[in-house]
Amino acid sequence: MTSQTEVIDGYVAGTWTIDAVHSDVSFYVRHLGVSKVRGHFATFEGTIVTAEDPLESTVSAVIKTSSVSTNNEMRDNHVRSADFLDVEQFPELTFTSTAIRPQTSELFEVDGDLSLHGVTKPVTLKLELNGFGKGMDGNAIAGFSAATEISRTEFGVTGGAAGAAVSDKIRIALEVEAIQAQA
C-alpha cells in the first residue's frame, strides 16, 4: 500500500513558520449585492507542522484584526469599529486545525476552529499544496493556497446600520509561503 507521503512530490516533514513577507491573507465581501469589496490583513503569524503522515499535520495562525486594509481609510476605520471587527475588544482572529482530509495528492480539506469577534466556530479550508523547495538563502520553503467562506453574522459581526449593505458571506483566501524552522 502506498503511503500518503509517497504520492506528494517532494514532501518534507517538519515545523514551518509562515513568512508574512511572502504570504497574503485576503478576503472579499459583496457590497449592495453588485460589487465586491476586497481587503487583506497585513499582520499575521502562524506555524505549520508537516507530520511524517501528512494527515496528522497541523496549522495554527493568529491575525491582528487592527491590520485590516481595504485601501480606503474611512471604510477601514469603520471595519475596525464595534460595528464590525471591534478590534479594541477582539484584537486577534485565530485558526487552529483539528483534522486534515485528502482529496487528491495536492488538494486537502483542513478542518479547524476559527475564532473571530469572541465566537469560535468550525470551518473547513480547501487547501492546495503548492510544493516544497529551497529559498534564496538555501532554507527549505513550502507553499500553500487555501480558501473558505464564512457567515459574518454567525460570528456576531452584524455591521450595525451598514450591515444591510454588506453580504453575510465573506470569502477568505490565503496564499502562504512558510520557512522550515532550523533544528
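Values in this text are rule-based calculations from the coordinates and carry no lab data. Source: prediction; values computed, not measured. Here the Cβ positions follow ideal geometry from the backbone for every residue, glycine too, while neighbour counts run over all protein chains shown.
Numerical summary
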| quantity | calculated |
| --- | --- |
| Dipole in debye (nearest 20) - the chain, about Cα centre, beta carbon charges: Lys, Arg +1; Asp, Glu -1 | 700 |
| Centre separation in Å (Cα based) which lies between the stretch 123-141 and the stretch 33-82 | 18 |
| Label-point separation, Lys64 to Ser35 (7 Å along Cα→Cβ), nm | 2.9 |
| Net +/- balance of residues flanking Val166 in space, Cβ distance below 12 Å, scoring K and R +1, D and E -1 | +3 |
| P(r) weight above 17 Å for the stretch 136-176, C-alpha pairs, percent | 52 |
| ³J(HN,Hα), Karplus 6.51/-1.76/1.60, whole Hz, each residue of the stretch 154-160, x for Gly, Pro | 5, 9, x, 9, 8, x, x |
